[in-house]
Amino acid sequence: MKKSDAIQKAKSLLQQMTTEEKVAQMIQVSYADVGREEALRWASLGAGSFLHVLGDNAREVQRAAMQTRLGIPVIFGIDAIHGHGLNKNATIFPSQLAVACSWDPELVEKMGEVTAREVATDGLHWTFSPVLCLGRDTRWGRINETFGEDSYLTGELGAAIIRGYQGEDLSDGEHILACAKHYLGYGEAVGARDACDSEVTERKVREVFLPPFKKAVEAGCATIMTAYGSTDGSPLTSSRRLMHDILRNELGFDGFVVTDWDNTKSLVRNQKVAKDIEEASIMAAKAGNDMIMVTLDFYEAMLSALKNGAVDISVIDEAVLHILTIKYEMELFEKPEKTGKADCFSCDEHLAVALEASRKSVTLLRNNGMLPLDSACKKIAVIGPNADDIRAQYGDWTYFTHPHPDPSRTPVRPYVTVKEGIEALCKENGVAFNYAKGCSILASDEDDLETAVSIAKDADAVFYVVGDMIDQFGEYKDRADLNLSGRQTELFYRLQATGKPICTVLVTSKPLCMGDVAEKADAVLCAFNGGMFGGQAVAEAVFGKLNPSGRLPISFPRHSGQLPVYYNQLPGWHGGKYCDLPATPLFAFGEGISYTTFEFSNLNFCKDNYTVTLDVENTGTCEGTETIQLYLHDVVSSVMTVGKRLIAFKKINLAPGEKQTVTITLSHEDFALINAECEAVVEPGEFILMAGKSSKDEDMIKISVTL
Ligand code: NOJ
């Protein structure tokens with residue numbers, strides 16, 4: 001239904017609602033937490049939404065809601081974060097961080113579409129995705145959920161997945177609501193301590209953290225989730241400035257806002273800006289939160305506040321209007337249940353998208369010629385704690401990990417671990433294969449380094465698969481020490497001592513401090529949490545069936561003490577380095593190589609139409625994909641600006657020897673900065689435009705542009 005019609009209908013329904021019915025619309029209940037009886041009671045009170053409930057349980061709740069006086073349907077939300085992972089039959093994609101390595105908005109949009117169809121087939125309406133927080137300090141436990149450290153890339157991929165989730169029409173059976181989260185600056189918490197304060201100013205917010213949300217709003221994102229934390233001492237849940245003034249009035253957001261988990265209570269319990277739940281409820285509602293996630297006390301507290309005149313009913317009316325408008329736009333009153341598509345879970349079409357995503361996520365970071373393997377390699381040893389561990393490969397937010405982990409649930413096929421992928425291709429290519437786990441992620445009595453070393457001695461090439469495990473990432477699991485845990489580094493040195501070529505494979509939620517395990521390896525392949533086919537994609541890269549094309553969306557620190565190490569920092573007087581460590585990361589934003597090489601030349605900018613052109617040539621011996629990254633530096637400006645920031649990118653596929661002129665059109669606004677008055681302005685003068693294969697200076701060609 002058209003927005004304008006939906007608003008009219010919502011307004012007239014609102015007029016028929018009692019105060020109790022209105023306040024209940026704002027409540028979101030966790031089925032998994034309250035259980036069936038309570039859930040049905042809340043449905044009969046008219047609660048507006050439920051989360052974490054699937055299938056028949058959801059249908060029963062919906063029936064109860066439809067039998068209420070006004071028959072207002074419930075919206076069901078779920079954390080379908082990289083696929084509808086809480087359903088064990090679903091297609092599981094690489095994590096957001098992994099798929100961000102693809103720098104491929106079209107692919108990410110398809111991932112959104114597939115996820116939406118599977119969520120809809122479960123009768124659900126809404127995913128709490130995407131995360132638009134920036135992953136700038138990799139100690140943070142939720143780095144895997146981000147699209148990496150860069151505001152521009154995050155905005156492009158975020159808008160793409162939103163388009164995929166929501167499609168053209170919210171009322172069709174196969175698309176669902178997206179939820180851009182967590183508004184705002186959540187990833188920037190001091191010390192990377194989850195849900196703590198982010199010491200950012202409004203200028204910084206506008207420059208760095210707001211742009212991805214602006215793109216989400218422009219893409220029509222129907223809902224936004226507020227963050228747990230605070231910025232500069234103001235809890236995000238009570239920030240009318242951010243939610244009302246900036247999000248609604250400035251960006252023009254016209255969907256509804258949901259708090260994060262129990263945020264309203266935390267205004268009393270943790271953040272202590274409210275003396276009791278009534279005061280907190282008033283704050284949350286007045287700030288512009290339309291739906292209250294799991295703080296069920298809000299209901300009584302708000303009714304009491306309305307009764308004693310502490311809050312005006314117009315505040316509630318506005319919130320409920322936002323929620324009902326979306327319900328009408330989705331045509332939920334006629335079609336309370338999404339239908340999806342029969343037999344679509346992990347169907348061939350969906351698996352093909354998952355495989356494409358896994359392939360495009362694989363990032364080759366180092367290669368001294370070991371890869372791809374040639375016919376001289378007759379025997380392979382696959383070693384390491386994450387070589388054959390599908391939980392590690394899937395990462396967070398799947399049916400056996402988050403949010404109610406049940407390790408007894410067994411993973412459902414199809415999936416391919418790194419060990420399985422390499423073993424299968426060994427068979428196909430007549431190469432002998434051997435595997436030993438060697439050690440665990442956390443040191444254990446079962447560690448058996450000797451067997452691992454002995455199979456390495458006997459092999460022509462060693463693949464050492466390292467990383468982290470679910471106990472080391474996710475909510476509540478920030479790490480102070482990012483070194484490889486357990487005996488992973490020790491085992492690397494033992495393997496290295498065999499003198500055999502070693503490729504380190506990273507199956508990890510985020511950049512860890514790899515040290516020699518990366519620096520002294522002959523090759524390094526990164527898959528992050530590569531999804532169902534992460535292992536197959538790695539194997540294909542090893543055997544040269546796949547020419548890796550991933551580029552890092554995030555920098556790898558050398559040491560936790562070096563954080564944050566993101567590429568676009570403000571310049572300092574003294575070079576920004578420590579006396580005991582270089583200023584540079586181990587692997588930089590945008591970095592990634594392939595089995596061929598590319599040359600950039602003839603960079604040009606046409607002032608009349610803001611068009612950038614450059615020539616790109618495949619100078620190697622095989623077909624490959626390059627990602628052209630355009631960065632900008634404002635030479636002299638009223639406020640300090642970063643040395644370079646990404647403003648555009650384009651992927652191009654070239655045959656060996658092929659040369660193409662690539663055109664990228666910029667806009668005047670791409671040259672803007674946020675001045676001291678918090679306005680976006682383009683200041684006339686000189687800019688340096690850079691075309692890079694990565695964010696590293698040595699990978700760039702540059703020209704000066706004067707506006
Ligand atoms: C808390 C998380 O911060 C948020 O990302 C998630 O969507 C909600 N819980 C619901 O599970």
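Is it the case, given these coordinates, that A518 is open to solvent by 30 Å² or more (accessible area, probe 1.4 Å) and of a type in the set (A, V, I, L, M, F, W, C)? Write out each step before concluding.
Details: open to solvent by 30 Å² or more (accessible area, probe 1.4 Å): no; of a type in the set (A, V, I, L, M, F, W, C): yes.
Criteria not met by A518.
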Output the residue which, of all residues in the range 49-73 that are away from the ligand (no atom under 16 Å from the Cβ) and of a type in the set (A, V, I, L, M), is farthest from E21 (Cα to Cα). V61
Name the pairs: first residue in the range 408-432 and over 12 Å from E540 (Cα atoms), second residue at pLDDT below 95 and open to solvent by 40 Å² or more (accessible area, probe 1.4 Å), Cβ to Cβ under 6 Å, at least 6 apart or on different chains? V412/K88
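Rundown of residues vs (1) without any contact (Cβ under 8 Å) to a residue 12 or more places away in the chain; (2) over 27 Å from Y328 (Cβ atoms); (3) open to solvent by 10 Å² or more (accessible area, probe 1.4 Å), yes/no style:
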| site | (1), (2), (3) |
| --- | --- |
| N263 | no, no, no |
| V273 | no, yes, yes |
| I277 | no, yes, yes |
| I282 | no, yes, yes |
| K286 | no, no, yes |
| D290 | no, no, no |
| Y299 | no, no, yes |
| L303 | no, no, yes |
| A310 | no, yes, yes |
Can you find even one residue in the range 91-106 that is open to solvent by 20 Å² or more (accessible area, probe 1.4 Å) and of a type in the set (S, T, N, Q)? no
When only residues in the range 534-547 that are crowded, with 24+ Cβ neighbours inside 10 Å and in contact with an Asp or Glu (Cβ under 9 Å, 6 or more places away or on another chain) count, which is farthest from F463 (Cα to Cα)? Q536
Any idea which of (1) open to solvent by 10 Å² or more (accessible area, probe 1.4 Å); (2) within 25 Å of G620 (Cα to Cα); (3) touching a Cys at 6+ places or on another chain (Cβ under 8 Å) is the one E599 doesn't satisfy? (3)
What's the total number of residues in the range 473-500 that are in contact (Cβ under 8 Å) with a residue 40 or more places away in the chain, open to solvent by less than 50 Å² (accessible area, probe 1.4 Å) and not acidic (D, E)? 10
Does F649 satisfy the condition of being part of a strand (DSSP E or B), open to solvent by 30 Å² or more (accessible area, probe 1.4 Å) and closer than 21 Å to F209 by Cβ? yes
Kindly evaluate R269 against the criterion of being within 16 Å of the ligand (Cβ to nearest atom), free of Cβ contacts under 8 Å to residues at least 60 places away in the same chain, surrounded by fewer than 19 Cβ atoms within 10 Å (Cβ to Cβ) and not small (G, A, S). yes
Inside the range 470-543, counting only helices (runs of 4 or more DSSP H) that do not spill past its ends, which hold 1 or more residues that are within 16 Å of V99 (Cα to Cα)? 534-542
Subset of the range 615-673 (residues that are of a type in the set (D, E) and over 30 Å from L371 (Cα atoms)): D634, E669, D670
Quick one: in the range 126-156, of everything that is of a type in the set (F, W, Y) and within 16 Å of the ligand (Cβ to nearest atom), which residue is surrounded by the most Cβ atoms within 10 Å (Cβ to Cβ)? F147
When the range 14-65 is examined, which residues are found to be under 27 Å from the mean Cα position of the chain (by Cα) and open to solvent by 20 Å² or more (accessible area, probe 1.4 Å)? Y31, A32, D33, H52, L54
Could you list, in sequence order, the residues of the range 583-599 that are not in a loop (DSSP other than H, G, I, E, B) and not hydrophobic (A, V, I, L, M, F, W, C)? E599
Within the range 445-469, the residues that are surrounded by fewer than 24 Cβ atoms within 10 Å (Cβ to Cβ) and either under 20 Å from S509 (Cβ atoms) or of a type in the set (V, I, T) (or both) are T451, V453, I455, M469
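Which members of the range 370-399 meet the condition of being free of Cβ contacts under 8 Å to residues at least 40 places away in the same chain and surrounded by fewer than 21 Cβ atoms within 10 Å (Cβ to Cβ)?
Scanning the range 370-399 gives D374, S375.
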Which ones in the range 604-618 are over 32 Å from the mean Cα position of the chain (by Cα) and either of a type in the set (A, V, I, L, M) or under 14 Å from Y631 (Cα atoms) (or both)? N604, F605
Filter the range 390-440 for residues that are out of contact with any helix residue (DSSP H, G or I) (no Cβ under 7 Å at 6 or more places or on another chain), aliphatic (A, V, I, L, M) and in a loop (DSSP other than H, G, I, E, B); the one that is nearest to G474 (Cα to Cα) is V412
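If you go through the range 603-611 one residue at a time, do you hit one that is assigned to a strand (DSSP E or B), at pLDDT 95 or above, of a type in the set (V, I, T) and open to solvent by less than 30 Å² (accessible area, probe 1.4 Å)? Write out each step before concluding.
Going residue by residue through the range 603-611, those that are assigned to a strand (DSSP E or B) are 603-606, 611.
Restricting the remaining residues to those that are at pLDDT 95 or above gives 603-606, 611.
Still in the list and also of a type in the set (V, I, T): 611.
Among the residues that remain, those that are also open to solvent by less than 30 Å² (accessible area, probe 1.4 Å) are: 611.
Yes; the residues of the range 603-611 include at least one that is assigned to a strand (DSSP E or B), at pLDDT 95 or above, of a type in the set (V, I, T) and open to solvent by less than 30 Å² (accessible area, probe 1.4 Å).
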Of the residues in the range 107-125, how many are out of contact with any strand residue (DSSP E or B) (no Cβ under 8 Å at 6 or more places or on another chain), open to solvent by less than 10 Å² (accessible area, probe 1.4 Å) and either closer than 14 Å to I162 by Cβ or within 16 Å of the ligand (Cβ to nearest atom) (or both)? 3
When T508 is run through (1) polar (S, T, N, Q); (2) closer than 17 Å to D137 by Cα; (3) surrounded by fewer than 19 Cβ atoms within 10 Å (Cβ to Cβ), the failure sits at (3)
Within the range 550-559, can you find the residues that are open to solvent by less than 10 Å² (accessible area, probe 1.4 Å) and assigned to a loop (DSSP other than H, G, I, E, B)? G550, R551, L552, P553, I554, S555, P557
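The values are calculated or read from the model by the stated rules, or taken from the named source; none is laboratory data. Fair warning: this is a prediction, and the values are worked out from it, not measured in the lab. Reconstructed Cβ throughout: ideal geometry from the backbone, glycine too, with neighbour counts over all protein chains shown. Just so you know, the surface numbers come from the protein's heavy atoms only, side chains and all, with ligands and any DNA or RNA stripped out. Shrake-Rupley method; radii C 1.70, N 1.55, O 1.52, S 1.80 Å.
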